[in-house]
1. Ranking F109, F259 by Cβ neighbours within 10 Å, fewest first, what do you get?
2. Looking at V227, L252, G208, which one has the Cα that reaches farthest to the positive end of the dipole of the chain (charges on Cβ: Lys, Arg +1; Asp, Glu -1)?
3. I'd like the antiparallel share, as a percent to the nearest 5, of DSSP beta bridges with both residues in segment 7-328.
4. Which Cα, out of V103, A154, Q294, lies furthest along the positive dipole direction of the chain (beta carbon charges, K/R +1, D/E -1)?
5. Given Cα pairs under 8 Å that are at least 6 residues apart, what percent is the relative contact order of the chain?
6. How far apart, in nm, are the 7 Å Cα→Cβ label points at A279 and D186?
7. Counting Lys and Arg as +1 and Asp and Glu as -1, each charge on the Cβ, what is the dipole of segment 7-328 about the Cα centre in debye, to the nearest 20?
8. For the chain, compute Rg over Rh where Rg is the Cα radius of gyration and Rh is the Kirkwood radius from the inverse mean 1/r over Cα pairs.
Amino acid sequence: MTDRISGILTPNITPVDSAGRVDEETLRGYVDWLIDHGVDGLYPNGSTGEFVRFTANERRRIVEVVVDQTAGRVPVLAGAAEANADETIRACNAYGQMGVRAVAIVAPFYYRLSSEGVYAYFQHIARHVDVDVTLYNIPMFASPIDVDTVVRLAAEEPRVVGLKDSSGDLPNLMRMMSAIRPMRDDFSFLTGWDPSLSAMLIAGADGGTNATSGVLPELTRAIYQSVRSGDIDRAIALQYELIPLFDMMIGLGEFPEGFRAGARARGWDLGNGRVPITAKQRHQANEGAAKIAQAVSVGLGNVGATKVEAASSVDAIEQIVRRVLSQLE
């Protein structure tokens, strides 16, 4: 069997300093921490990394830093979506030269394309890049990539080596796998929707690109390994631990503010991101962050972290909350 992209590849948050710049030093430390905590790969410039809120030059530098710091320890799947096909091709080839395992390309956004238009877009890119391509289906934000289009591209374009699906549509993913696996054993299926991680893995997906893994890599890794070892009951039990954590983080403030709060609960202050928010929103986010910290500490305990680590997570976020609140007074 040809080696597929597999495991949990973390769509890492992009650290931002107090001046709003990419915080490269913190990014390097965060990369090391994620790898030390068992992630199978990294995915810079994903939705959780807020790729649309950075410039093209910043996006390239983010990938460059991640690849350099990773130093071959785990594969890198780089988000390469730009506003048009030609710019996307240039980004893909730049990332390929940096040494990424593959690129992930979201379907065209803003302008909704027909299925034939989506096919033409990816076909054009696949025939002009020097790196493997994974399709990124996130219909809530971009033109959907339907089953027939994925099957068609998998059959015709050897550079297209996988699909990252963030729709959470399990039946559609199964339809794709049943059609593609017999002809493309090298084709990877990754789920980007955390609430369906265990279900997708049990159905045959190769892994996930899950925002929760940037906060609790131990939990997503445990789900993945449980499915791979055949311990389905444990995988499902852990999934029920993951869902409320995910719901809490995705529901806090402007995405991905909740995941930044979760990271702070693990000792990583990755900044406030690039989207402006009001003082009221900041106050609400800080209140929600304390609840996230408590939930994260419980999640750590449920996957075997020490009581000391869980307690320190809560202390860290409470100190940050108090500091920020004092600045708002």
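FYI, it's all coordinate maths here, none of it is from the lab. Note that the structure is predicted; figures quoted are calculated from it, not measured. All Cβ positions, even for glycine, are placed from backbone atoms using ideal geometry, and neighbour counts span all protein chains on display.
1. Numbers: F109 14, F259 24.
With the sparsest Cβ surroundings first, the list reads F109, F259.
2. After comparing all options, I get L252.
3. Values: 2 of 25 bridges.
Once the DSSP bridges in segment 7-328 are tallied, antiparallel ones form about 10 percent.
4. Q294
5. Details: 606 pairs, mean separation 53.8, N = 329.
Once normalised by length, the contact order is 16 percent.
6. Placing both labels 7 Å along Cα→Cβ, they lie 5.8 nm apart.
7. Here segment 7-328 has a charge dipole of around 380 debye.
8. Values: Rg = 19.1 Å, Rh = 19.9 Å.
Answer for the chain: 0.96.
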